[in-house]
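Peer 1: The structure that follows is given in the form of C-alpha cells.
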C-alpha cells in the first residue's frame, strides 16, 4: 500500500513508499520500437523514460546529460557498435541490452563488458521491466532460455583465435549463423565491400575458405554454439 504523507495526500504517481521512480534512457535505431517501449515502461508507476536515442553517439550524450539509472540499449545501432561502447557507458549507468541477437556468444560478451541485463526483443513485454528493476538495484538479468544455454555451453577460450580481431570474430560469428555479406553489412552498418575484405582476412588467418569450413571453425572454437 502506498505510504500516506503527513498532510494525508498520497505520494506522487510513480513512487513507491516515497522512492523516486527508476529513470531510463531508451536507445534503439527504430522510432516505432522506441515508441512501443516507452508505452510499455510508462505504464509502470515506478519507471520513467527521460530520453530516447537513435544512435550510439546520441545514447552517450543522453546518458551524460540525464544521468539515468538504466540505459536500455539495442546491440545494432548506427554510428558505431554497441558492444564496444558498453564498458564506457556502464561506468556511467546500468545497462540492459535489448536485442534480437539470441547467440550465447553475444550475451556472454555483453555481460562481460559490463551490461547488467540481456533481454531478447521477442520477450520484451514479459521480461524488460524485470530486467530494468534488477539492473537498477545492482542485480543482473539474463533471458532464462539464454541463461540455460550459456550454462550448458563449454568454456570460451580466452582471446580471439589465430590473431583474429574482435571485428573479424564478430563477422565470423554472423557468417556461421548463416547471414550473407549483405545482411552482415546491414547489421553492422558497414559496406558489403568492407565485409568482403574482412571475410578475406578471416579466410587467410584461419586457412578456411568455404562457408562450411568457416562454420566448422567457429563451432570448434566455441564462437557459436552447436545447435
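Since every read-out is calculated from the coordinates, none of them should be taken as a lab result. Just so we're clear, the structure is a prediction, and the values are computed from it rather than from any experiment. Note that each Cβ is placed from the backbone with ideal geometry, even for glycine, and that neighbours are counted across all protein chains shown.
Peer 1: Give me 128, 50, 214 sorted ascending by neighbouring Cβ count inside 10 Å, so fewest comes first.
Peer 2: By the 10 Å Cβ count, ascending: 50, 214, 128.
Peer 1: Just rank 189, 217, 118, fewest to most, by other beta-carbon atoms within 10 angstrom.
Peer 2: Ranking 189, 217, 118 by Cβ neighbours within 10 Å, fewest first, gives 189, 217, 118.
Peer 1: Want the number for residue 183 to residue 212: 0.36 nm per residue separation, take away the alpha-carbon distance, what's left?
Peer 2: 8.7 nm
Peer 1: Among DSSP bridges having both ends in the chain, what percentage is antiparallel? Round to the nearest 5.
Peer 2: Rounded to the nearest five, the antiparallel share is 5 percent.
Peer 1: Let me ask you something else. From Cα pairs below 8 angstrom and at least 6 apart in sequence, can you work out the relative contact order of the chain, rounded to a whole percent?
Peer 2: Relative contact order of the chain: 13 percent.
Peer 1: Just to be sure I understand, if you calculate Rg and Dmax of the Cα atoms in Å for this structure, which of (i) 19.8, 75; (ii) 16.8, 50; (iii) 16.1, 49 do you get?
Peer 2: (i)
Peer 1: Right, another one. For the range 68-186, what does the relative contact order come out to in percent, with C-alpha contacts under 8 Å and a separation of six or more?
Peer 2: 19 percent.
Peer 1: Once a ≥ b ≥ c are taken as the square roots of the eigenvalues of the Cα gyration tensor of the range 86-155, is the result rounded (a/c under 1.5), prolate (a/b larger than b/c) or oblate (a/b not larger than b/c)?
Peer 2: oblate
Peer 1: Moving on to the next point. What number, rounded to the nearest 500 deg cm²/dmol, is the helix-based mean residue ellipticity at 222 nm of the chain, given -39500 (n - 2.57) per DSSP H run of at least four residues and division by all its residues?
Peer 2: -14000 deg cm²/dmol
Peer 1: Ranked by Cβ crowding within 10 angstrom, fewest neighbours first, how are 109, 61 ordered?
Peer 2: With the sparsest Cβ surroundings first, the list reads 61, 109.
Peer 1: Need the C-alpha centroid separation for the range 108-177 versus the range 63-107, integer Å.
Peer 2: The distance from the Cα centre of the range 108-177 to that of the range 63-107 comes to 11 Å.
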